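J.: This structure is in structure tokens; I'll ask about it shortly.
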Amino acid sequence: MNQPTEKFDVIVVGAGPAGNAAAYTLAKAGKKVLQLERGEYPGSKNVQGAILYADALEKIIPDFRDSAPLERHVVEQRMWLMEEQSHLGTHFRSDQYNQQPGNRYTIIRARFDKWFSDQVQQAGALVLCEMTVTELLKDESGRVIGVNVDRENGRIYADAVILADGVNSLVASRAGLREDIKPAAVALGVKEIIFMPKETIDARFNLTGQEGAVIEMFGSISEGMVGTGFLYTNKDSISVGIGCMLSDMKQQQTTPVELLEKLKRHPSVAPLIAGGETREYAAHLLPEGGYDALPKLYGEGWMLVGDSAGFLNAVHREGSNLAMTTGRLAAETLLELFAAGQPASASNLARYQARLDESFVMKDLKKYRKIPGMLDRQRQFVADYPGLLNQAAFNFFSVDGRDKEAKEKEIIASFRQRRSLLGLLGDAFRVWRATR
Amino acid sequence: MNIVVCIKQVPDSTHIRVHPVTNTIMRQGVPAVINPYDLFAIEAALQIRDTHGGKVTVITMGPPPAAVALRKALAYGCDEAVLITDKIFSGADTLATSYVLASAIATLGKEQPVDLVFTGKQTIDGDTAQVGPGIAKRLNLELLTYVSKIVAVNREAGKIQVERRAEGGVQLLETRLPALITMLEGTNEIRFGSAPDMFRAARAEIRTWDRESAGIEDLKKVGLKGSPTVVSRVFGPTPRAEKAQQIAFDPAAPQAATDALLEKVLAEIPKVGKELERHKVEAGAGANHE
């Protein structure tokens, strides 16, 4: 065994948005960085809707718009409450979103991740794929001093290890840094990318140039489970998907494939995707436990970032921007310590926690900490209201000779029949309290 | 042993689609991999090196992105890699390709004589199995095709013994070195490289040769100019699906179903009936002798 010992300033485990943000920030600052990815190439294991929120990436790569493969910038946001045959929705469209620089973009992760990883490598990080970290190396005091990979002579050392290995972070679980994920704290999302000519998409969604539209969907499509659907326009394809809590799927014995097929057949969705060719199908877990499911985020020589820590805002469908931001904050914490000649001890890494608390990441997660539990216990929000609202709208807009006052009474009665007056008031209070 | 392995980067056939109009392979967006047969060639070469010493040099002719395939080969444990790339090489058929590879191997041989050259049996995108034999012929190497196993290498005697899969059996063959071997899929699955190999491959400088450094003498023999092959038409196979026939089955009278089945078989394939008749006669004849 006369192999030279590999020693780095920082090892980043995982090549998703969180790992890339961390590795890029450190390498750009001149640190010796090794990024390990278990997939065949960076991004091969990554799945997202996908919307890119410019702000999070801009703080890492300010001029990303010049070279990143962006699909469309989002000018229109639709929210649909779905019933079997209808949807009741809102549109928000603003020409302000056409002003540069753009705020939100649709992306295809396969392309985007390749680009992001190229930036990481150009910044000077060594990126090795097909390297699965099996365990964290610790010294006698329990301090993390490196990792072991699933190959011969696989011990690699570093001053600090950033774990960005995703929602079911096996490394962190195995090292006892966090518990295994619970079905009630994760959603299972599935999506397809359906290709069709750009002109068809432009016509169907009233778009021109690089404009894009996104639709978020709630209601009957999730069959009473806590979940949401989405439809995003890319350049010459449409991403359509649905995600529901894993525990719900298990209980209802539903498969994600069935849910997605049903969503695609919905009369409001089917015409939008008609004639397209599905070329990509993907599924992924999403950590939706929120603030209360966060594990300890740092320790002696290690930090958790992105999905592996559970940084996801389920209410606003944000994940990758939390991933990139936490990856950046972890890297900046280390840069600060290295500059001061201080070790990555647990007491020093508390600064990571402080940075998180100051950022939108923790503030948003705290704001919505009661949402996951509320939706789990109060099924009327997903099971009853979308249907009631759709029936109300159908009733209201149908002209059938009855007077309007009678219709209004009928609508109110339908709500009170499903949810008592007290229940309705209680629900309003719950929403107010959970989002306050 | 100085061993050279020729590999090719090909589109991953599990992701391939065929253009509905031109019937050509649509390579855009399809991930590239090392031709699967070449992996068996690499592993065979590495095993010989591990036992007998020496080095394994992996080479490929292709555009600059083919360096990814070479780096991967280094991660498996190959010692050196050479990318043979030049705009003039594009559009090459198997004749032109084997000329370029043979020239490059001859150039390598000037540094140190080459004992063995390996290729895969064929590529999965071209399926011709012509490049290996083409190189052997040009370099005057002994040629062993469709080899499934390296049985023994005798360095002193300069001999190699292999198993070659042939129709109806396996041939045990011996030849003298230097030789070129085209490898079949065998039992020698490609190894899982060590962590130090992964680092070495990632950091390795890959030698890049153009027409000059590869030692190409006759520019008329490379690329499109040196490729006499003409693809006159590409077409998909026409499916010859025929409707399945059903035979009613009554559990009370199983004989009727077998009779009906036999009747159909005999009607479709008269040869079967004649064969059965012949067997009946022979069996009858045999019975008479007893």
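J.: What per residue convex hull volume, in Å³, do the alpha-carbon atoms of the range B:2-221 yield?
T.: Working: hull volume 30.0 nm³, N = 220.
It is 136 Å³ per residue.
J.: In addition: Measure of size requested: the Rg and Dmax of the range A:184-287, with Cα atoms as the atom set and Å as the unit; please supply both.
T.: 14.0, 45
J.: Follow-up question, since we're still on this one. Could you give each residue of the range A:13-22 its phi-based ³J(HN,Hα) in whole Hz, using Karplus coefficients 6.51, -1.76, 1.60 with θ = phi - 60°, and x for Gly or Pro?
T.: 9, x, 10, x, x, 5, x, 5, 4, 5
J.: Please report the antiparallel percentage of DSSP beta bridges with both residues in the protein assembly as shown, rounded to the nearest 5. Each step should come with its number before you reach the end.
T.: Values: 73 of 124 bridges.
Within the protein assembly as shown, antiparallel bridges account for around 60 percent of the total.
J.: Heavy atoms only, probe 1.4 Å: what % of the accessible area of the range A:111-190 goes to carbon and sulfur, would you let me know? Don't skip to the end; give the middle numbers.
T.: On the way: 1530 of 3330 Å².
Taking all protein chains in place, the range A:111-190 shows 46 percent carbon and sulfur surface.
J.: Another question, then. Name the residues of the range B:186-218 whose accessible area, probed at 1.4 Å, falls by at least 10 Å² once all protein chains are in place instead of their chain on its own?
T.: Residues shielded by partner chains are B:Phe192, B:Gly193, B:Ser194, B:Ala195, B:Pro196, B:Met198, B:Phe199, B:Ala202, B:Arg203.
J.: Let me ask another. Based only on Cα atoms, what mean projected area does the convex hull of chain A have, in nm²?
T.: Numbers: hull surface 93.9 nm².
With every direction weighted equally, the projected area is 23.5 nm².
J.: Calculate, for the range B:2-221, the solvent-accessible area per residue in square angstrom, rolling a 1.4 angstrom probe over the heavy atoms of the protein chains. Numbers along the way, then the final one.
T.: Details: 10430 Å² over 220 residues.
For the range B:2-221, the per-residue accessible area is 47 Å².
J.: What span do the alpha-carbon atoms of the range A:265-336 cover on each of the three principal axes, reported in whole Å from largest to smallest?
T.: Result for the range A:265-336: principal-axis Cα extents of 54, 25, 18 Å.
J.: What are the ³J(HN,Hα) values, in whole Hz, obtained from phi via the Karplus relation 6.51 cos²θ - 1.76 cosθ + 1.60 with θ = phi - 60°, for each residue of the range B:171-188 in sequence order, with x given for Gly and Pro?
T.: These are the phi-based 3J(HN,Hα) values: 9, 9, 10, 10, 9, 9, 8, x, 9, 10, 10, 9, 9, 8, 5, x, 8, 8 Hz.
J.: Next question, about the same structure. Based on a Kirkwood Rh over C-alpha pairs, give the Stokes-Einstein translational diffusion coefficient of the range A:276-380 at 25 °C and viscosity 0.890 mPa s in µm²/s. Numbers along the way, then the final one.
T.: On the way: Rh = 15.1 Å.
D = 162 µm²/s.
J.: Ok, one more. Am I reading the A/B interface right? What is its buried accessible area, both sides, 1.4 Å probe, to the nearest 100 Å²?
T.: Working: alone 19870 and 17640 Å², together 36240 Å².
Using a 1.4 Å probe on protein heavy atoms, the buried area is about 1300 Å².
J.: Helix-only mean residue ellipticity at 222 nm, chain A, DSSP H runs n ≥ 4 weighted -39,500 (n - 2.57), per residue, nearest 500. What is it?
T.: Values: 16 runs with 160 residues, N = 436.
The per-residue figure over chain A is -11000 deg cm²/dmol.
J.: For a label point 7 Å from the Cα of B:Glu189 along Cα→C-beta, name the residues of the range A:134-175 whose backbone N is under 17 Å from it.
T.: A:150-152
J.: Between A:Arg402 and A:Gln99, what is the spin-label point distance in nm, taking each point 7 Å from the Cα along the Cα→C-beta axis?
T.: 4.7 nm
J.: Mind ordering B:37-49, A:157-169, B:129-141 by average Cβ neighbours within 10 Å, highest first? Mind dumping the intermediate values first?
T.: On the way: B:37-49: 23.7, A:157-169: 25.5, B:129-141: 19.9.
So the order, starting with the most tightly packed, is A:157-169, B:37-49, B:129-141.
J.: Calculate the spin-label point distance for A:Glu199 paired with B:Glu242, positioning each point 7 Å from the Cα along the beta-carbon direction, and give it in nanometres.
T.: 4.6 nm
J.: While we're on this one: With all protein chains present, how much of the accessible area of chain B (probe radius 1.4 Å) comes from carbon and sulfur, to the nearest whole percent? Mind dumping the intermediate values first?
T.: Values: 9190 of 16950 Å².
Carbon with sulfur: 54 percent of the solvent-accessible area.
J.: I would also like to ask the following. Using a 1.4 Å probe on the heavy atoms of the protein chains only, list every residue of the range A:115-152 that has 20 Å² or more less accessible area in the complete assembly than in its chain alone.
T.: So the qualifying set is A:Leu126, A:Leu128, A:Glu130, A:Met131, A:Asp150, A:Arg151, A:Glu152.
J.: Just from its helices, what would the mean residue ellipticity at 222 nm be for chain B, if runs of 4 or more DSSP H residues each count -39500 (n - 2.57) and the sum is divided by every residue, rounded to the nearest 500 deg cm²/dmol? Kindly include the intermediate steps, with their values, before the conclusion.
T.: Details: 7 runs with 98 residues, N = 290.
Helix-only estimate at 222 nm: -11000 deg cm²/dmol.
J.: What lysines could a cross-link reach from B:Lys243, if we take a straight Cα to Cα line under 20 Å and drop same-chain neighbours fewer than 8 places away?
T.: In chain and number order, the partners are B:Lys264.
J.: Calculate one ³J(HN,Hα) per residue across the range A:302-316 by plugging θ = phi - 60° into the Karplus curve 6.51 cos²θ - 1.76 cosθ + 1.60, and present them in order as whole Hz with x for glycine and proline.
T.: Rounded to whole hertz, the list is 9, 9, 9, 9, x, 4, 5, 9, x, 7, 8, 9, 5, 5, 9.
The values are calculated or read from the model by the stated rules, or taken from the named source; none is laboratory data. Values in this document were obtained by computation on a predicted structure and should not be read as measured data. As a convention, Cβ positions derive from the backbone with ideal geometry for all residues, glycine included, and neighbour counts pool all protein chains shown. Remember, those area values only see protein heavy atoms, side chains included, never the ligands or the DNA or RNA. Shrake-Rupley method; radii C 1.70, N 1.55, O 1.52, S 1.80 Å.
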